[in-house]
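The values are calculated or read from the model by the stated rules, or taken from the named source; none is laboratory data. Everything quoted here is computed from the prediction, not taken from an experiment. Note that we place each Cβ from the backbone using ideal geometry, even for glycine, and neighbour counts take in every protein chain shown.
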Amino acid sequence: MSATSVLHTPVPLEQARSAATNEPALMRWLLIALALIFLTLFLFIPLASVFYEALKKGGDVYLKALQEPDALSAIQLTLITAAIAVPANLVFGVAAAWAIAKFEFRGKSVLITLIDLPFAVSPVISGLIYVLLFGAQGWFGPWLQAHDIKIIFAVPGIVLATVFVTFPFVARELIPLMQAQGAEEEEAAVALGASGWQTLWRVTLPNVKWGLVYGVILCNARAMGEFGAVSVVSGHIRGMTNTMPLHVEILYNEYNFAAAFAVASILALLALVTLAAKSFVEWRFGHDQQTSIEEHAA
Amino acid sequence: MSLSPLFRLLGAALVSALLSASASADTTLLNVSYDVTREFYKDFNQAFIKHWKEKAGETLIVNQSHGGSSKQARAVVDGLEADVLTMNQANDVDILAERGKLIPADWAKRLPNNSAPYTSTTVFLVRKGNPKGIKDWDDLVKPGVSVVIPNPKTSGNGRYSYLAAWGYVLKKGGNEAKAREFVTKLFGNVPVFDGGGRAATTTFAQRNIGDALLTFENEVQLIQKEFSAEQIEVVYPSLSILAEAPVTVVDKVVDKRGTRKQAQAYLEYLYSDEGQELAAKHHYRPRNDKVLKRYAATFKPIQLFTVDELFGGWQKAQKVHFDDGGIYDQIFTKK
């Protein structure tokens with residue numbers, strides 16, 4: 001009897017853990033090498049080649065391409081667009097996430113589906129929606145033309161299209177977080193006499209701040225990099241309605257490679273900065289959560 | 001209520017963006033064009049602005065929009081306020097008359113030379129030293145020769161190449177059946193179909209696929225400038241197609257904006273000695289004989305036929321050859 005009970009003794013934890021990674025060394029190296037090769041091929045080499053091509057003809061050509069008025073205006077337009085789209089979606093995202101996570105109401109699932117819509121449709125379709133609405137042949141086109149208001153093929157159309165495609169980022173980031181946190185703290189605040197705004201500012205937002213920043217960063221990255229939707233509504237007027245991704249395309253099509261890659265390198269740099277910000281936030285986010293768990297435990 | 005200033009700020013930003021976009025000054029022109037015309041129009045706009053200042057005493061700003069040609073035409077139909085449209089194929093101008101009623105149907109008759117102030121033609125690019133000995137159209141259909149042509153369904157460049165091959169056979173005394181056989185063979189030698197001229201160039205020059213690339217004469221210079229000229233050389237066939245680059249004033253827009261006078265003068269200036277000279281400098285064949293002679297070294301004499309002459313105009317050519325179920329589709333389903 002005693003012998004069988006010994007057999008049934010569970011394997012110590014340490015041993016179990018090592019068993020899971022107890023592949024032959026060759027296998028482990030092979031898998032690591034595969035992952036590295038994949039990363040190099042699809043990430044590092046393309047990224048490096050952008051900078052290589054941009055600087056191939058020398059620093060002078062590179063700087064000149066970036067100082068060109070059309071390039072500057074494309075950079076400016078991209079920043080303006082992000083500066084409008086990101087705050088707009090920040091406000092919307094917080095409002096939507098708050099409503100969905102903290103309250104029960106009819107049509108909630110419809111609202112969630114609607115928020116996901118921009119992820120589901122192709123960006124080109126998103127752009128076409130605005131052409132169908134505001135284009136000269138579209139629903140509101142004749143009225144807009146009669147009142148001399150330009151939406152598409154002008155800055156407002158670019159902003160609208162960008163807002164649409166970046167719509168879900170903040171809300172999608174916040175909803176699971178807020179749902180996990182539950183509504184108890186808010187209920188307590190209200191019970192103690194806090195107003196709605198006080199509850200939002202003092203309880204809800206501090207609890208989700210890193211998730212919020214994370215959502216904003218993702219939203220910003222997409223707003224600056226969006227191509228498809230913006231391409232449809234832009235009209236490609238140089239110096240007026242060309243964003244950076246569109247400017248890169250047109251330069252490339254004109255056989256102006258050095259300039260195309262120079263502008264692309266700025267976009268890549270913006271992406272790298274975003275990535276660094278994202279990693280920082282993730283680190284802080286994790287750190288904060290860790291300390292809050294410890295505080296709770298204490 | 002602490003959020004309301006933010007809303008107000010956003011509202012103000014949107015409104016100011018709206019206003020700045022719609023408050024266009026009276027003296028701007030927008031020239032909507034296709035991909036590769038930028039360098040030319042950059043120079044031409046400067047020249048015209050100077051000319052107009054001297055002639056009318058008015059300071060103009062000319063804005064440019066570039067993109068894929070059919071996409072650009074479509075944008076104008078959808079409300080992109082182009083004062084003038086400068087394309088490389090009459091089809092893309094016709095759409096303005098058909099879909100948007102923006103210009104009259106007989107727009108091509110309003111300016112000399114079918115409203116096409118400059119032209120180009122389809123030529124061959126081959127590898128240095130021409131290892132496959134490609135001299136003329138007949139060499140392209142030989143077995144073992146691979147030819148890069150962009151897809152005629154989606155690219156004007158491809159359509160011109162296709163019609164050039166077809167017309168070559170007709171011009172040599174062949175009939176339609178012979179032409180069809182020839183074009184079938186030619187397209188049998190195409191290893192990849194790229195969507196546009198630009199992508200086809202990458203296939204040929206960067207990915208090193210194919211023995212010959214069919215493209216416009218004016219793009220050859222751009223290609224040679226970007227890719228090393230030592231690797232690629234040009235071959236002029238005995239016969240090719242005249243690619244007319246049509247231009248038009250967009251009537252509905254200029255009447256609304258009150259820019260007809262300026263837009264009209266802009267296009268007419270393309271026909272002036274200076275306009276023609278600039279076109280030639282940027283590798284477009286000028287209509288003016290004097291200028292053409294001066295650039296004889298750039299533009300090798302080549303026998304050219306037009307789409308109107310052999311195919312009854314672009315609308316008919318499009319319908320017979322490239323529309324769904326047209327001859328191009330038939331050739332392909334048989335393959």
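Structural remarks
- Failed item, numbered, when A:Ile237 is tested on (1) under 21 Å from the mean Cα position of the chain (by Cα); (2) within 30 Å of B:Leu80 (Cβ to Cβ): (1)
- Scanning the range A:266-289 turns up no residue that is of a type in the set (Ser, Thr, Tyr), assigned to a helix (DSSP H, G or I) and within 14 Å of chain B (Cβ to nearest Cβ).
Condition check ((1) in contact with a Gly (Cβ under 7 Å, 6 or more places away or on another chain); (2) without any contact (Cβ under 8 Å) to a residue 12 or more places away in the chain; (3) more than 22 Å from B:Asp35 (Cβ to Cβ)) across all residues:
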position	(1), (2), (3)
B:Asp255	no, yes, yes
B:Gly258	no, no, yes
B:Ala265	no, no, yes
B:Gly275	no, no, no
B:Lys281	no, no, no
B:Thr298	no, no, no
B:Leu304	no, no, yes
B:Val320	yes, yes, yes
B:Thr333	no, yes, yes
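- When B:Ser238 is tested against the conditions (1) free of Cβ contacts under 8 Å to residues at least 24 places away in the same chain; (2) more than 30 Å from B:Leu80 (Cα to Cα); (3) among the polar types (S, T, N, Q), the lone failure is (1).
- Of all the residues in the range A:242-258, those that are out of contact with any Phe, Trp or Tyr (no Cβ under 9 Å at 6 or more places or on another chain) and at pLDDT 90 or above number 3.
- Residue ID - nearest to the other protein chains (Cβ to nearest Cβ), chosen from residues in the range B:78-95 that are in contact (Cβ under 8 Å) with a residue 60 or more places away in the chain and touching a Gly at 6+ places or on another chain (Cβ under 7 Å): B:Asn88
- Matching entry among A:Leu90, A:Leu111, A:Leu47 (being buried (at least 19 other Cβ atoms within 10 Å of the Cβ) and touching a residue at least 12 places away in the same chain (Cβ under 8 Å)): A:Leu90
- Taking the range B:59-77 as the range and being facing chain A (nearest Cβ under 7 Å) and part of a strand (DSSP E or B) as the test, the residues that pass are B:Asn63, B:Gln64, B:Ser65.
- Conditions (1) more than 8 Å from every other protein chain (Cβ to nearest Cβ); (2) farther than 27 Å from A:Arg222 by Cβ; (3) surrounded by 17 or more Cβ atoms within 10 Å (Cβ to Cβ); number of the one not met by A:Gly141: (1)
- Subset of the range A:97-138 [within 26 Å of B:Leu102 (Cβ to Cβ), within 14 Å of chain B (Cβ to nearest Cβ) and outside any loop (DSSP other than H, G, I, E, B)]: A:Val124, A:Gly127, A:Leu128, A:Ile129, A:Tyr130, A:Val131, A:Leu132, A:Leu133, A:Phe134
- Filtered residue count, the range A:146-193, keeping only those that are free of Cβ contacts under 8 Å to residues at least 12 places away in the same chain and within 14 Å of chain B (Cβ to nearest Cβ): 6
- Condition met for B:Val145 (assigned to a helix (DSSP H, G or I) and surrounded by fewer than 23 Cβ atoms within 10 Å (Cβ to Cβ)): no
- Taking residues in the range B:118-129 that are assigned to a loop (DSSP other than H, G, I, E, B), and partners anywhere that are aliphatic (A, V, I, L, M) and at pLDDT below 95, the pairs with Cβ atoms closer than 7 Å and at least 6 places apart or on different chains are B:Lys128/B:Ile232.
- Against the conditions (1) touching a residue at least 40 places away in the same chain (Cβ under 8 Å); (2) more than 14 Å from every other protein chain (Cβ to nearest Cβ); (3) aliphatic (A, V, I, L, M), B:Leu102 satisfies every one except (2).
- The strands (runs of 3 or more DSSP E) located wholly in the range B:177-296 that include 3 or more residues which are β-branched (Val, Ile, Thr) and touching a Leu at 6+ places or on another chain (Cβ under 9 Å) occupy B:232-235, B:247-249.
- Against the test of being assigned by TED's automatic domain parsing to the domain that holds B:Leu140, surrounded by 16 or more Cβ atoms within 10 Å (Cβ to Cβ) and among the charged types (D, E, K, R), the options B:Asp308, B:Asp251 yield a single qualifying residue, B:Asp308.
- None of B:Ser70, B:Ser65 is more than 27 Å from B:Pro301 (Cα to Cα), of a type outside the set (D, E, K, R), buried (at least 24 other Cβ atoms within 10 Å of the Cβ) and in contact with a helix residue (DSSP H, G or I) (Cβ under 7 Å, 6 or more places away or on another chain) except B:Ser65.
- Among residues of the range B:47-61 that are closer than 16 Å to B:Arg260 by Cα, those with a Cβ under 6 angstrom from a residue that is aromatic (Phe, Trp, Tyr), sequence gap 6+ or separate chain, pair up as B:Phe48/B:Tyr266; B:Phe48/B:Tyr269; B:Leu60/B:Trp52.
Conditions tested, residue by residue: (1) in a helix (DSSP H, G or I); (2) in contact with a His (Cβ under 6 Å, 6 or more places away or on another chain); (3) among the hydroxyl-bearing types (Ser, Thr, Tyr); (4) at pLDDT 90 or above.
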residue	(1), (2), (3), (4)
A:Ala194	no, no, no, no
A:Thr204	yes, no, yes, no
A:Asn207	yes, no, no, no
A:Ile217	yes, no, no, yes
A:Val230	yes, no, no, yes
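- Just one of the numbered conditions (1) surrounded by fewer than 23 Cβ atoms within 10 Å (Cβ to Cβ); (2) touching a helix residue (DSSP H, G or I) at 6+ places or on another chain (Cβ under 9 Å); (3) at pLDDT below 95; (4) in the same structural domain as B:Lys261 (by TED's automatic domain parsing) is not true of B:Ala75: (1).
- Looking only at the range A:167-200, and only at residues there that are of a type in the set (Gly, Ala, Ser), within 28 Å of the chain's Cα centre (by Cα) and loosely packed, with under 13 Cβ neighbours inside 10 Å, the one that is farthest from A:Asn220 (Cα to Cα): A:Gly182
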